[in-house]
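Trainee: Encoded as structure tokens, here's the structure I'll be asking about.
The values are calculated or read from the model by the stated rules, or taken from the named source; none is laboratory data. Model, not experiment: these values are computed from the prediction. In this analysis, Cβ positions are derived from the backbone assuming ideal geometry, glycine residues included, and neighbour counts consider all displayed protein chains. Just the protein is used for accessible areas: all its heavy atoms, side chains included, with ligands, DNA and RNA removed. Shrake-Rupley method; radii C 1.70, N 1.55, O 1.52, S 1.80 Å.
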Protein chains: 2
Amino acid sequence: MIRERHLFGPGPSNPYPEATRALAQPLLGHLDPEFLRIMDETCEMLRTVWGTDNARTLPLSATGSAGMEAAFVNTVHPGDVVVVAVNGLFGQRMTDVAARCGAEVVAVEHEWGQPVDVDRVLSAHDSPAIIAAVHAETSTGVRSDIAALGAGKGDALLIADAVTSIGGIELRADDWGVDVGYAGTQKCLGVAPGLAPFTIGDRAFERRVQKPRSWYLDLGMLGGYVGEAAGKGQRTYHHTAPTAMVASLHAGLTRILEEGLESVWARHQAAGDALQAGLQEMGLELFAAEGSRLPELTTVKVPEGVDSAAVRRELLERHGIEIGAGAGAYASSVWRIGLMGRNARPDAVLLVLAALKEVLGRG
Amino acid sequence: MIRERHLFGPGPSNPYPEATRALAQPLLGHLDPEFLRIMDETCEMLRTVWGTDNARTLPLSATGSAGMEAAFVNTVHPGDVVVVAVNGLFGQRMTDVAARCGAEVVAVEHEWGQPVDVDRVLSAHDSPAIIAAVHAETSTGVRSDIAALGAGKGDALLIADAVTSIGGIELRADDWGVDVGYAGTQKCLGVAPGLAPFTIGDRAFERRVQKPRSWYLDLGMLGGYVGEAAGKGQRTYHHTAPTAMVASLHAGLTRILEEGLESVWARHQAAGDALQAGLQEMGLELFAAEGSRLPELTTVKVPEGVDSAAVRRELLERHGIEIGAGAGAYASSVWRIGLMGRNARPDAVLLVLAALKEVLGRG
């Protein structure tokens with residue numbers, strides 16, 4: 001029996017039907033001319049959702065976390081000072097990943113639920129090689145101001161995590177001064193998990209590690225398969241691309257761009273606003289700081305005396321609704337409700353509010 | 001328009017229909033109890049196809065090449081002597097990957113098309129930390145004797161690449177003394193590319209690098225999500241698993257084990273034997289050394305005066321048949337014809353032989 005779920009957690013979300021159908025299309029080889037066309041178009045559409053002209057914009061063949069690793073492993077030279085803004089789990093993870101690459105990490109810690117304090121991050125070190133921050137913290141539901149970091153970065157490279165922002169809220173990598181960005185497919189892009197949309201500008205690429213510790217994520221080598229050499233018809237084999245997943249991403253991006261990227265952003269904003277208003281009307285308290293709340297991922301405090309896990313189990317068993325637990329220290333005191341991609345729509349808002357009311361007895 | 005292909009190259013192969021259908025099933029979250037059941041069953045079925053009891057047997061969330069990286073990045077301590085048997089492109093790649101992990105690499109070079117010379121490999125160094133070899137060289141169509149390496153490895157760990165052997169020919173990781181093995185889904189397992197079936201034994205796990213350079217492929221951390229801690233109901237989040245791909249692998253493995261693993265091996269053998277006999281009847285010469293030819297992947301020399309790429313293009317355009325070019329120095333002098341997974345059957349043999357006869361004018 002196939003169980004259908006409403007995936008209203010922090011991701012994956014329910015894919016767009018176009019993306020699901022594309023997964024089941026006849027498979028193409030990774031060097032087939034037809035697949036290479038799909039790959040090239042995918043990279044071009046990724047440039048649009050990233051807001052970049054970077055030639056090196058591509059889907060890495062692994063999930064968003066591998067995108068984070070690719071960002072650091074290709075840019076951190078041993079001993080480089082890397083300033084990381086830590087305002088949640090994924091900022092924390094950046095410090096671990098950067099340290100494994102040999103960075104001298106300067107972690108700028110924030111209270112969870114708060115946005116990145118741009119001034120503190122920019123003044124944390126005189127001349128960092130890299131500044132890194134999360135645009136949309138999946139662990140807390142908070143948006144931070146990447147543009148302000150880009151404006152003040154000086155000579156440093158700026159690495160931005162856009163896993164939960166891409167395709168859901170405004171993202172303008174070039175205008176904001178993002179040098180390296182990584183994302184995931186399974187949230188606002190409305191595609192199954194398995195690829196990491198990635199972009200790197202010329203300045204970062206020129207400063208890159210020539211022989212990074214990772215062969216799989218070596219952007220210098222990947223450029224022969226997807227990038228400028230490939231554009232000149234000189235593709236070289238690096239690894240077997242996950243062709244079904246790329247075809248699915250192609251279909252999801254096509255759907256988004258047909259709807260219009262700004263319309264899709266507006267749809268996420270409207271769904272998030274309605275959800276957050278509805279939760280507050282129920283007497284629940286939001287977790288993320290006001291003014292920095294992500295529309296696509298809402299964090300809400302579990303009411304005093306309520307068993308967080310039991311509520312999630314009830315939602316799943318009664319209605320096939322998945323919502324997320326909190327992250328880290330907030331595992332049992334916060335819920336995370338995502339309305340991302342296909343789920344960013346009014347009927348999903350109604351459903352999740354009605355189901356929560358029922359299970360909490362607040363109907 | 002959707003183009004259908006006969007994927008008779010070195011991979012990906014056409015997936016089993018069950019595996020394709022599973023890709024399009026409703027998506028599950030990576031922490032959904034239903035998905036965790038699918039993941040656990042997948043790991044259990046992977047144990048069967050690997051021929052292992054290793055608790056740490058799982059699908060890594062990236063393609064086979066990332067499996068290679070995981071094998072080395074988790075086992076190579078800086079300065080470790082790693083003896084690599086190089087009899088093709090993937091042995092060569094192992095030397096690159098191991099060196100990036102800080103290994104002192106001892107490469108034992110072979111003529112391409114020949115199997116690994118076990119004696120030379122075992123005597124290449126007095127006390128290597130690791131010995132590594134490719135079971136089925138995708139670049140040359142050659143099978144090597146992993147069991148003999150295992151029998152003579154002494155205290156070294158044995159790393160085996162089973163990307164093109166798993167699910168196609170006999171593979172008995174435990175009996176053969178394989179300490180770490182990695183594979184791909186897109187060849188004899190008959191599933192789309194995107195995951196790396198991986199196994200590591202206790203001896204290798206105990207000697208592992210405690211904080212490997214890769215966060216994404218850190219087996220110590222992955223063990224909390226899939227492995228002994230998970231088995232005790234204490235799953236921890238590491239990264240978002242590619243749930244659609246795992247569901248597809250589950251379906252492919254189910255299909256294989258229902259048919260019976262040894263029957264599937266026999267089916268690959270019969271298809272390969274028939275193909276190789278047919279090619280020789282056409283007057284073509286096989287490339288791989290006699291006695292070491294893989295049934296699932298046949299290498300054949302391009303006849304004198306024939307334009308290798310033009311033939312492949314004709315096959316693709318006229319009949320939707322993909323066969324592979326040769327690898328490395330043999331790019332235009334060898335073809336690689338794979339009959340893997342679903343394609344290991346008599347009608348595929350007839351079709352590829354008839355099409356080659358037509359295009360080569362040898363009908």
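Trainee: Can you give me the angle between helix B:261-281 and the longest principal axis of chain B, using Cα atoms only, in degrees from 0 to 90, rounded to the nearest 10?
Mentor: With both axes taken from Cα atoms, the answer is about 30 degrees.
Trainee: With every protein chain kept in place and ligands, DNA and RNA left out, what is the accessible area per residue of the stretch B:17-258? Probe 1.4 Å, answer in Å².
Mentor: 30
Trainee: Using only alpha carbon pairs under 8 Å that are at least six residues apart, calculate the relative contact order of chain A and give it in whole percent.
Mentor: With pairs under 8 Å counted, the relative contact order is 25 percent.
Trainee: When N counts the residues of the stretch A:17-258, how does its alpha-carbon radius of gyration compare numerically with 2.2 N^0.38 Å, as a ratio?
Mentor: 0.97
Trainee: Here is a further query. Just from its helices, what would the mean residue ellipticity at 222 nm be for chain B, if runs of 4 or more DSSP H residues each count -39500 (n - 2.57) and the sum is divided by every residue, rounded to the nearest 500 deg cm²/dmol?
Mentor: Numbers: 14 runs with 141 residues, N = 363.
-11500 deg cm²/dmol, from helical runs alone.
Trainee: Also: Residue by residue, what Karplus-based ³J(HN,Hα) values in Hz, rounded to whole numbers, does the stretch A:321-338 have, using 6.51, -1.76 and 1.60 with θ = phi - 60° and x for Gly and Pro?
Mentor: So the Karplus estimates, Gly and Pro as x, are 9, 9, 10, x, 6, x, 9, x, 5, 9, 3, 10, 10, 9, 10, 10, 10, x Hz.
Trainee: Calculate how steeply helix B:243-259 sits against the longest principal axis of the alpha-carbon atoms of chain B, using the helix alpha-carbon long axis, and give the answer as 0 to 90 degrees to the nearest 10.
Mentor: 70
Trainee: Within 10 Å of each candidate Cβ there may be at most 13 other Cβ atoms; applying that plus a DSSP loop requirement, which trypsin sites (Lys or Arg not before Pro) in the stretch B:261-363 survive?
Mentor: Taking the stretch B:261-363 and a limit of 13 other Cβ atoms within 10 Å, the loop trypsin sites (Lys or Arg not before Pro) found are B:Arg362.
Trainee: Give B:Lys153/B:Lys301; A:Lys187/A:Lys301; A:Lys187/A:Lys357; A:Lys187/B:Lys211 a once-over and call out the pairs whose C-alpha atoms are over 27 Å from each other.
Mentor: Pairs exceeding 27 Å: B:Lys153/B:Lys301; A:Lys187/B:Lys211.
Trainee: What figure, in Å² to the nearest 10, do you get for the accessible area of A:Tyr225 with a 1.4 Å probe and non-protein molecules left out?
Mentor: Here the accessible area works out near 10 Å².
Trainee: Of all beta bridges DSSP finds with both residues in the stretch A:17-258, what is the antiparallel percent, to the nearest 5?
Mentor: Values: 10 of 27 bridges.
Given both bridge residues lie in the stretch A:17-258, the antiparallel proportion sits at roughly 35 percent.
Trainee: Which distances, in nm and shortest first, link the A:Gly224 label point to the same label point in every other copy, taking 7 Å along Cα→Cβ?
Mentor: Nearest first, the other copies' label points are 3.7 nm away.
Trainee: Given the protein assembly as shown, what percent of its DSSP beta bridges are antiparallel, to the nearest 5?
Mentor: Here the antiparallel bridges make up roughly 50 percent for the protein assembly as shown.
Trainee: Please determine, in degrees from 0 to 90 and to the nearest 10, the orientation of helix B:308-319 with respect to the longest principal axis defined by the Cα atoms of chain B, where the helix direction is its Cα long axis.
Mentor: Approximately 90 degrees, to the nearest 10.
Trainee: Now a separate question. Using only protein heavy atoms and a 1.4 angstrom probe, determine the accessible area buried between A and B, summed over both sides, in Å² to the nearest 100.
Mentor: Buried area between the two chains comes out at roughly 4600 Å².
Trainee: How large is the dipole of the protein assembly as shown about the Cα centre if only Lys and Arg carry +1 and Asp and Glu carry -1, each at its Cβ, rounded to the nearest 20 debye?
Mentor: Roughly 700 debye for the protein assembly as shown.
Trainee: Okay, next question. Let me spell out the model: positive unit charges on the Cβ of Lys and Arg, negative unit charges on the Cβ of Asp and Glu, origin at the Cα centre of chain B. What dipole size does that give, in debye rounded to 20?
Mentor: 820
Trainee: Here's another thing I want to ask about it. Say a label goes 7 Å from Cα toward Cβ at B:Arg37 in every copy; what distances in nm does this one have to the rest, shortest first?
Mentor: 4.3
Trainee: Further question: Ignoring ligands, DNA and RNA, what percent of the accessible area of chain A is carbon or sulfur (1.4 Å)?
Mentor: Heavy-atom surface of chain A belonging to carbon and sulfur, 1.4 Å probe: 48 percent.
Trainee: Another question, if that's okay. List, shortest first and in nm to one decimal, how far the label point of A:Gly305 (7 Å from Cα along Cα→Cβ) is from its counterparts in the other copies.
Mentor: Spelled out, the distances from A:Gly305's label point are 9.3 nm.
Trainee: Report the net charge of residues surrounding B:Leu253, where surrounding means a beta-carbon distance below 10 angstrom and charges are Lys +1, Arg +1, Asp -1, Glu -1.
Mentor: Taking every other residue near B:Leu253 into account, the sum is -3.
Trainee: Kindly sort B:Glu285, B:Glu41 by accessible area of their heavy atoms, largest first, with the probe set to 1.4 Å.
Mentor: Accessible-area ranking of B:Glu285, B:Glu41, largest first: B:Glu285, B:Glu41.
Trainee: How long is the gain from A:Arg207 to A:Leu360 if the chain were fully straight, where each residue apart is worth 0.36 nm and the alpha carbon distance is subtracted?
Mentor: Working: separation 153, 0.36 × 153 = 55.08 nm, distance 5.37 nm.
Contour length minus the Cα-Cα distance gives 49.7 nm.
Trainee: Further question on the same structure: Say the dipole of chain A comes from +1 at the beta carbon of Lys and Arg and -1 at that of Asp and Glu; which of A:Val246, A:Pro10, A:Cys101 then lies farthest toward its positive end?
Mentor: Value: A:Val246.
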